[in-house]
Each structure stands twice: as structure tokens, then as C-alpha cells.
1. Got a sec to turn the phi values of the range 134-143 into Karplus ³J(HN,Hα) couplings, 6.51 cos²θ - 1.76 cosθ + 1.60 with θ = phi - 60°, whole Hz, x for Gly and Pro?
2. If Cys76, Cys13 are ordered by their accessible area, calculated over protein heavy atoms with a 1.4 Å probe, which sequence runs from highest to lowest?
3. Could you state the accessible area per residue of the chain in Å², with a 1.4 Å probe and every protein chain left in place?
4. Only Lys, Arg, Asp and Glu count, each charged at its Cβ (+1, +1, -1, -1), so figure out the dipole size of the range 1-158 about its Cα centre, rounded to 20 debye.
5. Find the Cα radius of gyration of the chain, compare it with 2.2 N^0.38 Å by division, and give the number to two decimals.
6. For the range 23-116, with all protein chains present and a 1.4 Å probe, just round the carbon and sulfur fraction of the accessible area to a whole percent.
7. Pop out the ³J(HN,Hα) list for the range 101-116 in order, Karplus 6.51 cos²θ - 1.76 cosθ + 1.60 with θ = phi - 60°, rounded to Hz; leave Gly and Pro as x.
8. Going through the range 1-35, which GluC sites (Glu not before Pro) have at most 13 other Cβ atoms within 10 Å and a DSSP loop state?
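The values are calculated or read from the model by the stated rules, or taken from the named source; none is laboratory data. Computed from a predicted model, the values in this text were never measured in an experiment. Neighbour counts are summed over all protein chains in view; Cβ atoms, including those assigned to glycine, are modelled from backbone coordinates with ideal geometry. To get the accessible areas, we keep the full protein, side chains included, count just its heavy atoms, and leave off ligands, DNA and RNA. Shrake-Rupley method; radii C 1.70, N 1.55, O 1.52, S 1.80 Å.
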Amino acid sequence: MASDFDNLEMGPCTGTYKGTDLGLTKGGVEVEFGTEVTPITVDQYGDTVVDNVIKGRSVKVKFPMAESDLTKLAACVPGSTLIGTGASKKLVIKSAVGTSLRAQAGELVLHPFARAANDKSKDVTISLASVKGDFSFAFKHDDQKVFAVEFEGFVDLTTGELFTMGDPAAA
């Protein structure tokens, strides 16, 4: 099979969550896909594994938001309320005890920055992504403030899909 240099990729991406543009990033967006397995053994071969059976999968996205924009941050914090408009805004974060993160979940789309907006061929889409609301940031004299937000994907109970890579409209 011939190699195709068009398949070599690098560069940043953009992100939208529930239709909100998450803005600029600093440090790179990271996608982590994991598979947990249970090893199958039989007496006749002792502790030698004869098979592995998938028992679950997960997808997480680390999205370092570089913009100090309360509207964008509000989209990522369940149980929060954005109050005010223009320059006079505040983000009120409540305890949110008992809040279902699945009920708060929405679509997260990562789109390679170098591709045209209508070229969805390399997109990563998590239909049911949620944020626990954890984030961290620092005030430093020699570094920029970045809101490190982590998304987690839930399985679609109808289709069994966890996430897709490529054009979501492909049939």
C-alpha cells in the first residue's frame, strides 16, 4: 500500500461545546481514548491469558482554554449561572449537588484549525460530552492564565456510540 503524505497531520484545533465556541487554546488539546479489558484464563494454561474481553471504553478531552471569557467558561461548568452583560458580568458557581452530568451533556466537536469549516473529514465529535466542572488556573507573573477544562464522553444508549472521528454525516 502506498503512503499518502496528506494523511500526516499536525496543528491545533478549534472546539465547540453545545454550540459555544470555546475559543483559543494554549498547550494543545488532548484526546484520550481508553479500552479496559478483562483477561480470560483457563486452568489448563495456568495464568497464561488466552483472550481479553472488552469490558468498557472511555473518551476524555483536555481543553486548555486560553481566553478569560466568562461566557465560554459558563458553558463548561454545570450548575453555574452567568449574570450580567458586556463588561459587567459574573459567573456564579453553585454546589450543584445531585446534578446529573449526563443530563447536562452536549455535543463537543474538535475541528482541525487548518481545515476549511465545511471540511469535517478529520473532526472528532463526542455527542454526549460533559464536564464535571473541574478546572484550574493560576495567576503567575511569567505565564498566561489558562483554564484547564476536561470533558468526558458518555455512551449513546440508543446507538452505542461513544464518539466519532471523521465526517459525522457520512453514511
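1. These are the phi-based 3J(HN,Hα) values: 5, 7, 9, 7, 9, 9, 10, 6, 10, 8 Hz.
2. Values: Cys76 5, Cys13 30 Å².
I get Cys13, Cys76, largest accessible area first.
3. Numbers: 11510 Å² over 171 residues.
Each residue of the chain exposes 67 Å² on average to a 1.4 Å probe.
4. Values: 17 positive and 21 negative charges, 193 e Å.
Computed about the Cα centre, the dipole is about 920 debye.
5. Details: Rg = 19.7 Å, N = 171, 2.2 N^0.38 = 15.5 Å.
That works out to 1.27 for the chain.
6. Numbers: 3100 of 6040 Å².
Answer for the range 23-116: carbon and sulfur cover 51 percent of the accessible area.
7. With coefficients 6.51, -1.76 and 1.60, one gets 6, 5, 5, 8, 5, x, 6, 10, 10, 9, 10, x, 4, 7, 8, 4 Hz.
8. Filter output for the range 1-35: Glu9.
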